[in-house]
1. If I ask for residues that are under 18 Å from residue 279 (Cα atoms) and of a type in the set (Gly, Ala, Ser), which ones from segment 12-47 would you list?
2. Scan (1) touching a residue at least 24 places away in the same chain (Cβ under 8 Å); (2) within 15 Å of the ligand (Cβ to nearest atom) for the single condition residue 106 breaks and write down its number.
3. Restricting segment 96-118 to residues that are outside any helix (DSSP H, G or I) and among the hydrophobic types (A, V, I, L, M, F, W, C), which is farthest from residue 259 (Cα to Cα)?
4. Just to verify a result, which residue in segment 294-313, among those that are near the ligand (Cβ under 10 Å from one of its atoms) and of a type outside the set (A, V, I, L, M), is nearest to residue 348 (Cα to Cα)?
5. Considering only residues of segment 187-208 that are of a type in the set (Val, Ile, Thr) and within 25 Å of the chain's Cα centre (by Cα), which is surrounded by the fewest Cβ atoms within 10 Å (Cβ to Cβ)?
6. Which residue pairs have Cβ atoms closer than 9 Å, lie 6 or more positions apart in sequence or on different chains, and pair a first residue in segment 335-351 that is on the phi > 0 side of the Ramachandran plot with a second residue that is away from the ligand (no atom under 14 Å from the Cβ) and part of a loop (DSSP other than H, G, I, E, B)?
7. Residue by residue through segment 79-95, note down the ones that are more than 12 Å from the ligand (Cβ to nearest atom) and either among the small types (Gly, Ala, Ser) or part of a loop (DSSP other than H, G, I, E, B) (or both).
8. When you go through (1) surrounded by 15 or more Cβ atoms within 10 Å (Cβ to Cβ); (2) assigned to a loop (DSSP other than H, G, I, E, B) one by one for residue 344, which number turns out not to apply?
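Nothing in this text is a laboratory measurement; each read-out follows from the coordinates by a stated rule. Everything quoted here is computed from the prediction, not taken from an experiment. Heads up, the Cβs are rebuilt from the backbone with ideal geometry, glycines too, and the neighbour counts pull from every protein chain shown.
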Amino acid sequence: MKHYKIAVLAGDGIGPEITREAIKVLKLIEERNDVTFELLPAAFGACAYFEFGDAFPPSTIEICDRADAILKGPIGLSHEESKQIPIDKQPERGALLPMRRRYNTYANFRPVSLPKALAHFSPLKPEIVGEGIDIIMVRELVGGLYFGAKETGVNEQGLRYVKETLEYDEQQIKQILLQAFKLARKRKKVLHNIHKSNVLKSSVLWNEILDEVAKDFPDVEVIHQLVDSAATNLCLKPTQFDVMVMENMFGDILSDQGGGILGSLGLMPSACIGDEKAYYEPSHGSAPDIAGKNIANPYSMIGSVAMMLENSFAMEAEAKNVWNAMQAVFADGFSTADLSKPGSGVKMIGTDAFGDKVVEKLKAMPRV
Ligand code: NAD
């Protein structure tokens with residue numbers, strides 16, 4: 001029997017609520033398969049700062065180091081609450097970026113997926129959703145502006161200033177492009193390269209490296225699109241995209257827009273992959289506006305479990321069952337509040353009921 005250790009970082013805000021539902025699914029997967037999961041809960045984010053004075057404390061680092069995979073809930077506080085924590089210890093700067101750096105999880109895969117049958121969830125017109133949206137955004141996750149040197153001070157004129165550096169080397173660019181080309185080759189063999197080479201030198205180098213990497217993928221068509229234009233096209237014609245690759249900050253912003261065109265960030269799971277370690281997290285934040293109300297959509301967290309099964313434990317068939325179980329709950333007309341607007345005909349259920357229904361559907365699926 002296979003045995004895997006999973007560090008479970010429930011995080012802040014809605015994190016604990018949606019993590020609870022993901023764990024229900026993991027427990028059922030254990031029952032259905034020749035596998036055991038040793039769940040190792042650990043504090044991460046603002047909750048860890050309040051308990052240990054550190055958003056990524058040594059006890060959590062130790063657990064993550066020995067885990068086979070990390071399942072991470074969203075972290076962070078509302079704008080006002082975050083002022084309780086010194087700037088450099090706030091959840092993203094104090095925990096998220098250090099974790100990404102520690103495990104060099106450079107490749108972030110963010111599916112933006114909505115089958116035609118669920119087109120009513122999208123704010124876009126049905127004719128724009130067409131046969132459905134099925135995009136994977138590949139975001140570089142450990143370089144660029146978010147990781148470059150930062151400096152603040154007062155300049156010679158007595159004015160406060162800030163300087164942040166956008167830095168990549170060719171190896172960093174090459175490794176993410178390779179991941180994107182490999183994925184495009186497995187899918188429709190079309191890769192949208194999203195950049196800003198008309199302004200940024202970093203994009204010029206990115207595109208040079210892309211031309212070099214592309215030589216090994218003659219079967220993959222590359223389509224260049226400026227990031228601003230890509231933002232428009234995501235709204236006007238999202239079905240033109242299949243695999244999109246982009247640097248860190250572009251990916252952060254465009255993937256939230258991806259959640260927008262689906263109808264909710266609650267539909268956005270993700271996988272953050274390094275050569276030796278991977279962690280899985282919803283693309284969205286801790287949603288302090290709805291925390292503790294049992295209305296958050298746990299799809300993003302359960303979908304992150306499915307991505308973990310596939311990428312870290314080679315359980316592709318069971319991962320597919322998890323996706324299908326969630327789609328089956330939607331097909332029965334149920335959803336959480338984010339996707340059941342008045343008049344939509346969707347029956348609104350709570351976070352816990354959504355998790356229970358996914359478990360019911362999964363139980364009914366043939367074992368693999
Ligand atoms: P957010 O993603 O938390 O929320 C944006 C909107 O989406 C809110 O209206 C929220 O209610 C809704 N939403 C998000 N997830 C949902 C879900 N599963 N179900 C239903 N609705 C959902 O963005 P924000 O409000 O700008 O940020 C809140 C906090 O999260 C901040 O502290 C921010 O720094 C942090 N954050 C963390 C991560 C991360 O952990 N990787 C990512 C983004 C933001």
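1. Once the filter is applied, which keeps residues that are under 18 Å from residue 279 (Cα atoms) and of a type in the set (Gly, Ala, Ser), segment 12-47 yields 15, 22, 42, 43, 45.
2. It fails just one condition, (2).
3. 107
4. Residue satisfying both the conditions and the ranking: 297.
5. That would be 190.
6. Close Cβ pairs satisfying both conditions: 345/333.
7. Across segment 79-95, the qualifying residue is only 86.
8. Answer for residue 344: the failing condition is (1).
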